[in-house]
1. If a residue must be β-branched (Val, Ile, Thr) and over 25 Å from residue 255 (Cβ atoms), how many such residues does the stretch 328-356 contain?
2. What number of residues in the stretch 172-210 are under 18 Å from residue 322 (Cα atoms), open to solvent by 10 Å² or more (accessible area, probe 1.4 Å) and not in a helix (DSSP H, G or I)?
3. If the Cβ limit is 9 Å and pairs must be 6+ apart or interchain, which residue in the stretch 361-372 that is in contact (Cβ under 8 Å) with a residue 24 or more places away in the chain pairs with which residue that is open to solvent by 100 Å² or more (accessible area, probe 1.4 Å)?
4. Could you tell me which residue of the stretch 66-80 is farthest from residue 390 (Cα to Cα), considering only residues that are buried (at least 17 other Cβ atoms within 10 Å of the Cβ) and out of contact with any Gly (no Cβ under 9 Å at 6 or more places or on another chain)?
5. Which of (1) part of a loop (DSSP other than H, G, I, E, B); (2) open to solvent by less than 100 Å² (accessible area, probe 1.4 Å) is the odd one out, the single condition residue 445 does not satisfy?
6. On the given criteria, is residue 469 part of a loop (DSSP other than H, G, I, E, B) and buried (at least 16 other Cβ atoms within 10 Å of the Cβ)?
7. What number of residues in the stretch 257-270 are within 15 Å of residue 194 (Cβ to Cβ) and either open to solvent by less than 10 Å² (accessible area, probe 1.4 Å) or among the small types (Gly, Ala, Ser) (or both)?
8. Search the stretch 445-462 for residues that are at pLDDT 90 or above and pair each with any residue that is part of a loop (DSSP other than H, G, I, E, B) and surrounded by 10 or more Cβ atoms within 10 Å (Cβ to Cβ) when their beta-carbon atoms are under 7 Å apart and the residues are at least 6 apart or on different chains.
Amino acid sequence: MNLYAIIPHMGVHKSLPLLFFMLMHQFSYGSAAGHTKKIDNSYYALSLTESISDEEGNHLTSQISKALSNAQSDANAKTEILEAEIHYEKSIAAFKTGDFAKAKKHFDLFVEKIKMTNIDPGLYFFIFDDAGEIITKLKRIYSSSSAMISSSLNGYAIPMSIENNDIVEKYISVYSSDKAVKKALEKSGAYKNIILKTLRDFNLPEELFYLPVVESFYNINDVGNAGEIGLWQIMEHRGRALGLQINYWIDERKDPEKSTEAACLYLKRLYIMLNDWHLALAAYNRGEFGLIRDMKFSNATNISEMISRKAIPKETQSYIPKFIAAVTIGDNLEKYSFKDLKYEKPLEYDKYQTNKIIDLKIVAQCAETTVEEIKRLNPALKAWSTPHGYPNFELKIPYGSKERFIENIALVKDLNPSPELIKHKVLKGEYIEKIATKYRTTTKEVYNDNSNLSKQKYLRPGQIIFIRPGKKYYNS
């Protein structure tokens, strides 16, 4: 009797563990037994041809049950697993801060601790269900990385056509007459070096450089209807999952370097998962779980089928045609009447690593530039200063200014001084003279800092005005 014949005679609680165990047993020994064959130069199929008797099946189930029972009282294994978990968490934390050497160190220690648990073989089925997924991902990464950027006949790794190419032609026509597209292509000059370098680092097709045309028109401050932000229009939960810092102080979805790395990581994951660039791009727009549900519901295996069966939302149906249109135009500018584009200059800056909170006014003074320029170079910053609780934060300052910035900031005693202006919420019965007296200043100074007050006869309760306190206010 073969494996599938045994399963109906066993309860579900017994049959699933046995299935996992047998699959992993064949995965481990199939090659030697001649049960493994190569497919597409990279993938391996397992053949379930071994037969097993009822007696052998019952024996295996008994061994598994015994291993589960014994595991509950194995104190040594529990200790090793607890220490392994600590190293795993430290590895993740180090990765998020960019300390890859430390991340690798703790991951290696995590693996060593797992090995020291001396796991009972009877428990392998319980673990190998997840381990099999890891192996699958590793095989896809190492077997498909060259395919990710291999050129097709027209020089692209991503197919530049779909079954109904009329939709593509429609968007080529729309984009080629759209001033917003021209402006986007000009803005792309600022980010071209960053994006192309990151695509090469991740071994991804360079035509993905034009994906921000579809996403944001290269507008780093663009906010989508669902709260997605930045060049790559990354959702908040997705950004955090990809290692981006998003909080009161900072939103790295607006950081050109960090967001591009996150987007490339996500795109690579999607390609590894779906093994098709059109599906991967659709998943980038739709979300992988939503797209997979759509595929299952419609029995579709490619983007053309999904479009023809209306299996995906309208926005996702148009996403691939828009991307193809953007690449086609971007690589054939003169053909589509995009001449004399005034590209923005590539972003250039120096980086200063700091663990301290520094007021951006101080940063600007030390870099001998303006606060506006510092904010332009650091669009991810949301507050008045470098982010709180962000070790080794890389502050961007004007290119060529690092040496004198370091000299100047070394002389600053207070990196985050008290602000000169204070917000005051007007209370019932308050008037300008009374408020000025409270803050040890004059009515003239209050009017100077609040030009709108000259048009008001009376203050309104709840109104916010700005006050520049006198020196005696801080000494009292």
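1. Residues in the stretch 328-356 being β-branched (Val, Ile, Thr) and over 25 Å from residue 255 (Cβ atoms): 2 in total.
2. 2
3. If the second residue must be open to solvent by 100 Å² or more (accessible area, probe 1.4 Å), the pairs left are 366/407; 366/411.
4. Per the stated criteria, the residue is 77.
5. The failed condition is (1).
6. Taking the combined requirement at face value, the residue satisfies it.
7. Result for the stretch 257-270: 5.
8. 459/426; 459/430; 459/431; 460/426; 461/426; 461/427; 462/426
The values are calculated or read from the model by the stated rules, or taken from the named source; none is laboratory data. Computed from a predicted structure; not experimentally measured. Heads up, the Cβs are rebuilt from the backbone with ideal geometry, glycines too, and the neighbour counts pull from every protein chain shown. When the accessible area is computed, the model is the full protein with side chains, heavy atoms only, and any ligands, DNA or RNA have been set aside. Shrake-Rupley method; radii C 1.70, N 1.55, O 1.52, S 1.80 Å.
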